[in-house]
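Working notes, structure below.
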Number of protein chains: 4
Amino acid sequence: MSDLSDLQQKVIAYRDARDWKQFHNPKDLAISLLSEATELLDEFKWKTPDEIAEHLKTSRESVVDEVMDVLHNVLLIAHELDIDIPKEFERKMRKNEARYPVDKARGKHRKYSEL
Amino acid sequence: MSDLSDLQQKVIAYRDARDWKQFHNPKDLAISLLSEATELLDEFKWKTPDEIAEHLKTSRESVVDEVMDVLHNVLLIAHELDIDIPKEFERKMRKNEARYPVDKARGKHRKYSEL
Amino acid sequence: MSDLSDLQQKVIAYRDARDWKQFHNPKDLAISLLSEATELLDEFKWKTPDEIAEHLKTSRESVVDEVMDVLHNVLLIAHELDIDIPKEFERKMRKNEARYPVDKARGKHRKYSEL
Amino acid sequence: MSDLSDLQQKVIAYRDARDWKQFHNPKDLAISLLSEATELLDEFKWKTPDEIAEHLKTSRESVVDEVMDVLHNVLLIAHELDIDIPKEFERKMRKNEARYPVDKARGKHRKYSEL
């Protein structure tokens with residue numbers, strides 16, 4: 001059983017029950033995804049590493065909610081663009097491995113163009 | 001076989017081969033996710049609906065790449081925060097359904113606080 | 001009388017009255033700026049051009065608020081980084097002009113690397 | 001002489017020389033602003049406070065460039081929306097002061113709704 005397909009089916013059923021497909025053009029879907037990513041980042045804004053660790057204990061659900069909102073939006077866009085996730089993820093992974101070869105990238109956080 | 005776990009294992013293997021866990025605090029992981037979401041949005045910037053449809057034909061791979069980069073980052077954060085994705089996704093879905101009841105939200109793109 | 005300096009003085013006085021300088025490292029300042037930019041974009045999310053025109057009439061103040069919040073954050077960062085705005089703006093303008101020469105960029109929305 | 005008006009005149013002259021007003025609807029202008037804000041944030045991604053301090057010395061121009069790109073976009077949007085910046089900035093400042101009263105907000109980085 002593929003759990004990715006299962007999640008995507010839930011996302012689509014949720015959308016269709018609300019008749020929202022009419023709003024889901026690529027630009028606004030990407031804005032929505034971006035907006036959720038910002039809400040996740042806002043959870044950590046102004047906080048020190050210690051405060052973030054504390055926040056992850058006391059407000060774990062709100063952080064997890066934001067991660068799930070981002071995932072929801074990714075799965076929705078992937079469905080709209082008819083992306084075969086396992087296949088394309090694998091393809092992109094190989095591209096990443098070529099861009100960040102282990103011997104050059106190991107222990108460095110630089111962009112591939114600066115390695 | 002769970003394909004979500006499979007993708008996450010690939011993300012972690014990729015990270016560990018490069019010794020990048022040391023950089024992966026929640027704040028920078030969220031920045032990285034945000035940054036990829038912006039790259040996806042940039043694919044559609046200044047373009048009309050027709051130009052976007054054309055772009056999705058002529059430059060499909062670069063758009064798909066950005067979606068996969070976002071997914072990569074979501075899976076990485078979910079792993080770091082030790083999130084049980086299927087369970088938490090289901091929980092958030094029920095929260096969304098309560099916020100956007102079908103009878104109120106149907107055919108509208110307003111925020112739940114304005115329904 | 002420079003109105004840029006005037007606005008920046010207000011931003012700094014506001015910050016100092018609240019003893020917030022302690023939180024204003026470059027990374028979190030940039031996150032805060034990004035967060036405000038997303039709130040501005042959210043004002044237009046899912047809306048058609050007609051709906052946006054209507055929104056700018058009926059909810060003008062909330063849109064203007066977001067633009068001012070972004071400006072507030074830019075002026076704050078520029079102050080923290082000790083940027084001479086008129087001088088650096090002029091310098092960057094010349095860089096933009098070189099990247100987007102009028103004869104190549106006229107009437108096109110492509111990135112300079114694709115002109 | 002108002003330096004804000006001076007900068008805005010340069011932004012508009014730059015735009016008009018390239019015949020770009022046709023692309024400048026509110027949604028895409030806000031996306032462009034967001035995109036520049038992300039580029040600024042990317043300058044600090046994965047970096048420790050020490051690495052950021054070092055980066056601000058060795059790569060100061062690229063950081064300043066990003067701040068100026070954000071400012072450029074804010075001034076452009078403010079012009080498009082016909083915003084009287086000094087007046088609206090002052091108005092928003094008073095709103096901020098009401099939301100973050102000195103006695104409650106002093107030394108805290110919480111959102112106004114959590115003070």
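The values are calculated or read from the model by the stated rules, or taken from the named source; none is laboratory data. Please read all numbers here as calculations on a predicted model, not as lab measurements. All Cβ positions, glycine included, derive from the backbone under ideal geometry; neighbour counts span all protein chains shown. Remember, those area values only see protein heavy atoms, side chains included, never the ligands or the DNA or RNA. Shrake-Rupley method; radii C 1.70, N 1.55, O 1.52, S 1.80 Å.
Overview of values
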| quantity | calculated |
| --- | --- |
| Those helices (runs of 4 or more DSSP H) lying entirely in region D:37-115 with at least 1 residues closer than 30 Å to B:K45 by Cβ and not small (G, A, S) | D:49-58, D:60-80, D:85-99 |
| Which numbered condition C:K21 fails, given (1) open to solvent by 40 Å² or more (accessible area, probe 1.4 Å); (2) in contact (Cβ under 8 Å) with a residue 40 or more places away in the chain | (2) |
| Test: residue in region D:49-58 that is among the basic types (K, R), farther than 24 Å from D:A13 by Cβ and surrounded by 13 or more Cβ atoms within 10 Å (Cβ to Cβ) | no |
| Test: residue in region A:24-33 that is open to solvent by 40 Å² or more (accessible area, probe 1.4 Å), within 12 Å of chain D (Cβ to nearest Cβ) and in a helix (DSSP H, G or I) | no |
| Members of region A:1-19 found to be at the interface with another protein chain (Cβ under 7 Å from one of its Cβ atoms), under 23 Å from B:R91 (Cβ atoms) and not in a helix (DSSP H, G or I), listed by number | A:S2, A:R18 |
| Members of region C:71-83 that are of a type in the set (V, I, T) and free of Cβ contacts under 8 Å to residues at least 40 places away in the same chain | C:I83 |
| For B:E39: the one exception among (1) free of Cβ contacts under 8 Å to residues at least 24 places away in the same chain; (2) within 21 Å of A:A37 (Cβ to Cβ) | (1) |
| Residue in region C:49-57 that is at pLDDT 95 or above, in contact with a Phe, Trp or Tyr (Cβ under 8 Å, 6 or more places away or on another chain) and under 30 Å from A:L29 (Cβ atoms) present | yes |
| Residues located in region A:44-69, provided they are among the aromatic types (F, W, Y) and either out of contact with any Ser or Thr (no Cβ under 8 Å at 6 or more places or on another chain) or more than 12 Å from chain D (Cβ to nearest Cβ) (or both) | A:F44 |
| Residue in region D:84-106 that is touching a residue at least 40 places away in the same chain (Cβ under 8 Å) and open to solvent by 40 Å² or more (accessible area, probe 1.4 Å) present | yes |
| Check on D:L41, surrounded by 16 or more Cβ atoms within 10 Å (Cβ to Cβ) and either more than 30 Å from C:Q22 (Cα to Cα) or more than 7 Å from every other protein chain (Cβ to nearest Cβ) (or both) | no |
| Residue check, C:L75 more than 30 Å from A:W20 (Cα to Cα), open to solvent by less than 10 Å² (accessible area, probe 1.4 Å), more than 8 Å from every other protein chain (Cβ to nearest Cβ) and modelled with pLDDT of 95 or more | yes |
